[in-house]
Amino acid sequence: MRGLGSQWFRVSLVPCPVALKTSWENVGVDSSLNPADRRAVAALASLYARAIDELDFEQLRRVFTVDGELDTGSSVRRGIDEIVAVMEGLRRYESTTHLIGEQVISSAAVDTCTVVTPCTAHHLTVEGHCRTDRVMHIHYQDECVRTKADGWRIRSRRLDVVQVDERRVN
């Protein structure tokens with residue numbers, strides 16, 4: 001018996017028949033990609049976020065294919081040069097912070113997969129003494145391919161904006 005304030009409850013340990021190593025099939029995830037490929041695909045979202053937050057847009061060349069496509073909802077950019085160029089517009093923010101959530105990776109065919117990545121993206125602006133944080137709740141919808149020369153890359157990315165909040169910050 002253990003106490004929690006004036007409440008008492010019984011703690012009992014029950015053996016749980018869970019394998020030490022859980023296979024992907026046991027957790028309801030598409031298992032057609034091997035773990036190394038899964039890690040490489042998942043890393044693309046982090047590489048993208050870091051490139052954006054560090055304003056190092058040339059690093060996006062390690063994320064997208066040469067003929068990659070970025071659909072922001074208001075425009076579609078085709079080719080890595082256009083993608084890098086449009087990201088220059090993010091320099092208007094004092095800073096950005098992209099927080100990546102748990103991804104769902106599904107293999108569509110050999111050397112291709114789809115990825116849904118939730119993201120909370122903070123965009124900080126400063127005007128005089130007023131600081132505003134524009135918070136975008138996004139789902140990235142990616143089609144990824146394994147390239148012979150560069151490994152896994154994003155062929156196409158669509159941003160689905162779920163919600164946008166703006167608030168003053170100190």
Original post:
Are any residues in region 80-111 touching a strand residue (DSSP E or B) at 6+ places or on another chain (Cβ under 6 Å) and of a type outside the set (A, V, I, L, M, F, W, C), and if so, which ones?
Top reply: Y93, E94, S95, T96, T97, H98, G101, Q103, S106, S107, D111
Subject >> Residue pairs meeting the criteria (Cβ under 7 Å; at least 6 apart or on separate chains; first under 16 Å from G79 (Cα atoms), in region 143-159; second part of a strand (DSSP E or B) and among the aliphatic types (A, V, I, L, M)) >> reply: C144/V115; C144/I154; R153/V145; R155/V145; R157/L70
**OP:** Please work out which one of (1) assigned to a helix (DSSP H, G or I); (2) touching a residue at least 24 places away in the same chain (Cβ under 8 Å); (3) open to solvent by less than 10 Å² (accessible area, probe 1.4 Å) is the condition L70 fails and give its number.
**Re:** (1)
Subject >> Residue list for region 73-103, filter: open to solvent by less than 50 Å² (accessible area, probe 1.4 Å), closer than 11 Å to L55 by Cα and assigned to a helix (DSSP H, G or I) >> reply: V84, M87, G89, L90
**OP:** Report yes if E25 is at pLDDT 90 or above, of a type in the set (D, E) and over 20 Å from the mean Cα position of the chain (by Cα), otherwise no.
**Re:** no
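So for region 146-160 (the condition being in a loop (DSSP other than H, G, I, E, B) and surrounded by 11 or more Cβ atoms within 10 Å (Cβ to Cβ)), does at least one residue qualify?
Here is the first cut: in region 146-160, the residues in a loop (DSSP other than H, G, I, E, B) are 148-150.
So of that shortlist, the ones also surrounded by 11 or more Cβ atoms within 10 Å (Cβ to Cβ) come out as 150.
Checked against the condition, which is being in a loop (DSSP other than H, G, I, E, B) and surrounded by 11 or more Cβ atoms within 10 Å (Cβ to Cβ), region 146-160 yields at least one hit.
So, D56, is that one of a type in the set (D, E, K, R), more than 21 Å from the chain's Cα centre (by Cα) and at pLDDT 95 or above or not? Working first, answer last.
Working: of a type in the set (D, E, K, R): yes; more than 21 Å from the chain's Cα centre (by Cα): no; at pLDDT 95 or above: yes.
Spelling it out, it is not the case that D56 is of a type in the set (D, E, K, R), more than 21 Å from the chain's Cα centre (by Cα) and at pLDDT 95 or above.
The values are calculated or read from the model by the stated rules, or taken from the named source; none is laboratory data. Just so it is clear, the structure is predicted and the values come from calculations on it, not from any experiment. Cβ coordinates were reconstructed from backbone atoms using ideal geometry, including for glycine residues, and neighbour counts include every protein chain displayed. Heads up: the accessible areas ignore ligands, DNA and RNA and are worked out on the full protein's heavy atoms, side chains in. Shrake-Rupley method; radii C 1.70, N 1.55, O 1.52, S 1.80 Å.
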